[in-house]
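The values are calculated or read from the model by the stated rules, or taken from the named source; none is laboratory data. Predicted model, so just to flag it, every value in this text is computed and none were measured. Side chains are part of the model used for accessible areas, which takes the heavy atoms of the whole protein and leaves out ligands, DNA and RNA. Shrake-Rupley method; radii C 1.70, N 1.55, O 1.52, S 1.80 Å.
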Amino acid sequence: MEKKRLALRKLLAAVEKELLHKPDRRTLDHLSMLAGFQSWDSFQDALHGETSADENFK
């Protein structure tokens, strides 16, 4: 039983570490493309700035 508990603790620690891991730039670019933007930067500009999302569809 103690082996299972230790294994579960290790698994939970690995999952928590992965959840806190920030995705790399390439992943962020791909996710922003799925949302209809050209890049992560254009998504951030539209989200936080004055840029309109319509700029991406010209």
Selection count, the range 24-37, where residues are part of a loop (DSSP other than H, G, I, E, B), open to solvent by less than 60 Å² (accessible area, probe 1.4 Å) and at negative phi: 1
Residue, farthest from W40 (Cα to Cα), within the range 5-23, restricted to residues that are in a helix (DSSP H, G or I) and of a type in the set (K, R): R5
